[in-house]
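Read the figures in this text as sums done on the coordinates, not as results from a lab. All figures in this text were calculated on a predicted structure; none of them were measured in a lab. Here the Cβ positions follow ideal geometry from the backbone for every residue, glycine too, while neighbour counts run over all protein chains shown.
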Amino acid sequence: MFSVKAQTKRIYHKNWIDFNKNGQKDIYEDQNQSIEKRIENLLSLMTVEEKTNQLVTLYGYGRVAEDEIPTASWKNELWKDGLANIDEASNGVSEKAQFTFPYSKHVWALNKIQTFFIEETRLGIPVEFTNEGIRGLNHVKATSFPAQIGMGSTFNPELMYKTGQVIGKEAYALGYNNIYSPVLDVARDQRWGRIVESFGEDPFLVSEYGVQISKGIQEQGVVNSLKHFAVYSAPKGGRDGHVRLDPHITWRDMHLMYLYPFKRVIQETNIMGVMSSYNDYDGEPIIGSHYFQTELLRDTYGFNGYVVSDSDALINLYNKHHVADSYKQAIQQALTAGLNVRTTFNHPENFIKPLRELVKEGGISIKLLDSRVKDVLRVKFNEGLFNNPYRDEKNADRVVKNEAHKKIALQASRESIILLKNKNSILPLDKNKLKNILVCGPTAKSKSSSISRYGALKTDVIAGFEGIKNYLKDDVKITYAKGIDLKDKNWPDSEVFNVPLDTDEEAQIDEALSMAKSADAIVLFVGEDEKMVGENLSRTNLDLPGHQKQLLSALSETGKPLIVVLINGHPLSINYADRQTDAILEAWFPGEFGGQAIAEVIFGDYNPGGKLPVTVLRSVGQIPYNFPYKPHSQRGQAKDGPNGTGDSRVVTELYPFGFGLSYTSFEYSNLNVNSNITTVSGDVTISFDVENTGVKAGDVVPQLYVNDETSSLTVYEWQLRGFNRIHLKPKEQKTVTFILQPKDLELINKNRIFVVEPGKFNIAIGNSSKDFQLKDSFVIIK
């Protein structure tokens, strides 16, 4: 039944395991009993030591654990009484780990660890193995996907579901039980470093992705935990790192923007894990808040799993927020509020010792302790750890990064690419008309930016230059020049004052210009790397870093066709590129197959169809500026007339939310709206036709926007309420249908209650939030 040879004890029986080794089938060991009965039975048998140990994480070998697999000394360690979970066990984040690859070797190691907890602890409570998984599973040589902001650009819910399936299958095969994914942070400040880990700025978009990727993971027998609850992605000034975050947003915006994805994903899928964030809201730290951890998460949203701390969020109650006078008091506050498991990068004893003191002193009651432990056990029972705690070693080599998974990853890289500009249809380039092409720029050979600390590790990334070279082979001569460094020597100080080119930089640009003379076209890769965007890596400016603009300017004056490819994590203010280049592709950090996908787009094998999940600004001075927005909140000035003040600022965005071009054209027609909706029931069916009127096959992304014409409170002017990605051949036409339900039309009224109000609602179908092709309306009478 089990594949682990080390299982020598006679506790393994058909359809049950004698976890407590007493020779009889206890209720918690009986697979025919309900989960709740099994939990109650197990809890009744546990000591305080065993209970408290179910509320802490041990980080894997190389992080905190000193042994990669069990040793004789483990019988004297804290975890002789069990653990909630082990995080990042031999996943490869630590270079010390020896059991990362081949995959079967990793499963063998995790089975060995599990054997210890089942056979060598008194009650045999299995340990849970947790891991990250936001750009593919966080494991050496797992399948790698584009950054989340790139995945957000696909506007393809089905692809998200398939991505979730890949992450879930590989997690299960490698022995993991609980994956920290997806990130549901709605990123509305373009400066914020972790915008690269967000699906975008719109709560509906983020929710749709979150639902689909969660379903994909869960269907593989793996639990997933949502990140980062709550209001984490709205730090003051877009700052991150040593700051307290301190979001300055209204109560209604918090619920309608930042909490909306968590509410939907919890209610629409079987979420068993949530990671509590570092920050406060209006002075109330989330991890110590009964309102957030219990009243909202459990009582309102219906969450029935366990809450884990994000790294030092717990101790921050004491040393950053200063709402506790000791770490011990911080533990009391957090567990009382609703925290279940402390997870951070130090020894579990640092948490367990003061927790046990609190229990002994009465600061944490047995009733409260039992409640928190029940949640952890419920997750473990739902994961099947008490039925099938071991994984098949040989299966891992068949499953992880198989050809089907790589195919999905390649498609994700393709679909994440956005065509921002295509002057005179310069793209796609015809390789048969090219003799010499210059590939240039500081990100042309970038690979490390497509490898994430929270995603697949040590993958064989295809960079842009490599992708173009592989595509063209010997048909076209390819020359390469770096052109300029990614950043100048004074960066980031040079974000706020001009620094002249030094002699080395001038020489680099001159070399590129010299090569450009004989080139028929130039492909210029610019942008950022993983040291400029990500966790703790917010920016002051959104322009191209360093002197990349000077390289771009010099090449634009050559008169040669100039195609810019952006490799980046922040949405960059590329005003000069927009005005002076021939074509622009936004590729973000495009994943393992990014270079191949970019080449296929440039030379026409793939027609780009990605859409912007964020608003791209002309200047950082426009922040806050994004979608959705309140009426008139992003308009300009009264330039003339009796109240005219003149013209003093740039008002419009560079590219709006939902924007993205194609090599073909599409036409919308035959809008039909059929409504039987009320404020509490019924629905609205919206259908229309879309036709590919061009000569190339391509993907169209119809977007449904809704406007509440008159309401009791000011609401967002237009809200995204539907989208899909559809492939159409030339002259092919399809009928698209969206369905609206009352929940899609809710606002929070003056009594702070979610309601749908009677009245007129306008709808628009478009290519972006600023390009509406069809409009109609419906009325709710009561």
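Odds and ends about this structure:
- Label point distance in nm, K729-K407, each placed 7 Å from Cα along Cα→Cβ: 2.0 nm
- Applying 0.36 nm per residue to the separation of N41 and R752 and subtracting their alpha-carbon distance, the gain on full extension is 251.8 nm.
- Summary of the geometry: the stretch 748-771 and the stretch 729-747, compared by the centres of their Cα atoms, lie 15 Å apart.
- Note on N536/R122: beta-carbon distance plugged into 1/(1 + (r/R0)^6) with R0 of 35 Å gives a FRET efficiency of 0.25.
- Charge dipole of the chain about the Cα centre (unit charges at C-beta), most positive-ward option of I195, S450, N724: N724
- Evaluating kT/(6 pi eta Rh) at 10 °C and 1.306 mPa s, with the Kirkwood radius of the stretch 151-255 over Cα pairs in the Stokes-Einstein relation, gives 109 µm² s⁻¹.
- Whole-angstrom gap from the stretch 317-354 to the stretch 214-271, using each part's C-alpha centre: 21 Å
- Each listed q (0.13, 0.17, 0.18, 0.33 Å⁻¹) maps to a log10 I(q)/I(0) for the stretch 574-620 from the Debye sum over equal C-alpha point scatterers, namely -0.38, -0.64, -0.71, -1.23.
- Label point distance in nm, N424-H632, each placed 7 Å from Cα along Cα→Cβ: 4.5 nm
- Rough spin-label spacing in nm, given labels placed 7 Å along Cα→Cβ, for S34 and N76: 4.6 nm
- With kT/(6 pi eta Rh) evaluated at 20 °C and eta = 1.002 mPa s, and Rh the Kirkwood radius from Cα pairs, the chain diffuses with a coefficient of 77 µm²/s according to Stokes-Einstein.
- Debye, to nearest 20: dipole size of the stretch 666-780, +1 on Lys, Arg Cβ, -1 on Asp, Glu Cβ: 200 debye
- Computed E for K236/D67 - FRET, C-beta separation, R0 51 angstrom, nearest 0.05: 0.75
- Among G288, G362, F465 - extreme Cα towards positive end, dipole of the chain, charges at beta-carbon: G362
- In the chain, helical runs assigned H by DSSP with n ≥ 4 each contribute -39500 (n - 2.57); averaged across all residues and rounded to the nearest 500, the mean residue ellipticity at 222 nm is -7500 deg cm²/dmol.
- Fully extending the segment from E95 to Y12 would add 26.4 nm, taking 0.36 nm per residue of separation and subtracting the current Cα-Cα distance.
- Nearest-0.05 FRET efficiency for E284 and T679, computed from C-beta distance (R0 30 Å): 0.40
- Computed over the alpha carbons of the stretch 438-612, Rg followed by Dmax gives 15.5, 45 Å.
- Lys, Arg +1 and Asp, Glu -1 on Cβ, resulting dipole of the chain about Cα centre, debye, nearest 20: 1100 debye
- Kirkwood estimate for the stretch 631-778, i.e. one over the average of 1/r between Cα atoms, Å: 17.5 Å
- Estimated at 0.36 nm per residue, the fully extended path between V243 and S448 surpasses their Cα-Cα distance by 71.1 nm.
- For S311, distant residues with modelled amide H under 5 Å away: T343
- In a reduced charge model with +1 at each Lys and Arg Cβ and -1 at each Asp and Glu Cβ, the stretch 154-269 shows a dipole moment near 240 debye about its Cα centre.
- Inter-centroid distance (Cα atoms) of the stretch 476-500 relative to the stretch 62-104, Å: 42 Å
- Projecting the Cα atoms of I271, V651, V308 onto the dipole axis of the chain, where Lys and Arg carry +1 and Asp and Glu carry -1 at the beta carbon, places I271 farthest toward the positive end.
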